[in-house]
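Worksheet: one structure, shown below.
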Amino acid sequence: MNPIDLKEAIKRRVRLGGVSFVELARDIPSAFGGNVVLGGFENLVVWTGLSKDGAEAVLSLVQTGEIHMTPTSMLVYAIDGRLLNLPIAKRVQSYKRLHWLPVVFNPGPVAPVKRGAAR
């Protein structure tokens, strides 16, 4: 699948939201099967095993605000059938050792945080 088709396939799959990397791998296998690791901070991993084109498609969609990642429970991944064998990250930050931050994909950009909202 070419990179443009790959981006469109990912966008279509994420349109309803709450999509894990496991679901993407199952539905769009050409985005996976490589050795690319996605992360953000030092030693913080969101997923492994992406193809180069798959990683570029996901990052491009996130950077343009067409989709965004939201932290989720590792139980989502357990239900979907695959976990990473890493300690779970408690916060989005750098770590001394590898940690996994489970995320799901949702459509559109990240919603802005409303300051001063009632709790």
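Quick look at the values:
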| quantity | calculated |
| --- | --- |
| The stretch 43-59 residues that are basic (Lys, Arg), paired with ones that are at pLDDT below 95 and in a strand (DSSP E or B) (beta carbon under 8 Å, 6 or more apart) | 52/34; 52/36 |
| Residues that are out of contact with any strand residue (DSSP E or B) (no Cβ under 7 Å at 6 or more places or on another chain) and surrounded by fewer than 13 Cβ atoms within 10 Å (Cβ to Cβ), drawn from the stretch 69-86 | 73, 75, 78, 79, 81, 85 |
| Restricting the stretch 104-113 to residues that are at pLDDT 70 or above and either aliphatic (A, V, I, L, M) or assigned to a loop (DSSP other than H, G, I, E, B) (or both), the residue that is nearest to residue 20 (Cα to Cα) | 104 |
| Hey, residue 66 touching a Lys or Arg at 6+ places or on another chain (Cβ under 9 Å), under 26 Å from residue 7 (Cα atoms), among the acidic types (Asp, Glu) and crowded, with 18+ Cβ neighbours inside 10 Å or not | no |
| Those residues of the stretch 14-30 which are crowded, with 18+ Cβ neighbours inside 10 Å, of a type outside the set (Val, Ile, Thr) and either outside any helix (DSSP H, G or I) or more than 12 Å from the chain's Cα centre (by Cα) (or both), in sequence order | 20 |
| Candidate set: the stretch 39-62, residues that are of a type in the set (S, T, N, Q) and over 15 Å from residue 23 (Cα atoms); chosen: the one surrounded by the most Cβ atoms within 10 Å (Cβ to Cβ) | 51 |
| Among residues of the stretch 31-82, those that are small (Gly, Ala, Ser) and either under 18 Å from residue 100 (Cα atoms) or part of a strand (DSSP E or B) (or both), counted | 9 |
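Quick grid of which residues meet (1) under 19 Å from residue 25 (Cβ atoms); (2) more than 15 Å from the chain's Cα centre (by Cα); (3) of a type outside the set (S, T, N, Q):
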site	(1), (2), (3)
70	yes, no, no
76	yes, no, yes
80	yes, no, yes
87	no, yes, yes
91	no, yes, yes
96	no, yes, yes
99	no, no, yes
105	yes, no, yes
108	no, no, yes
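The values are calculated or read from the model by the stated rules, or taken from the named source; none is laboratory data. In this text, all values refer to a predicted model and were calculated from it rather than measured experimentally. Glycine gets a Cβ as well: all are built from the backbone with ideal geometry, and neighbour counts include every protein chain shown.
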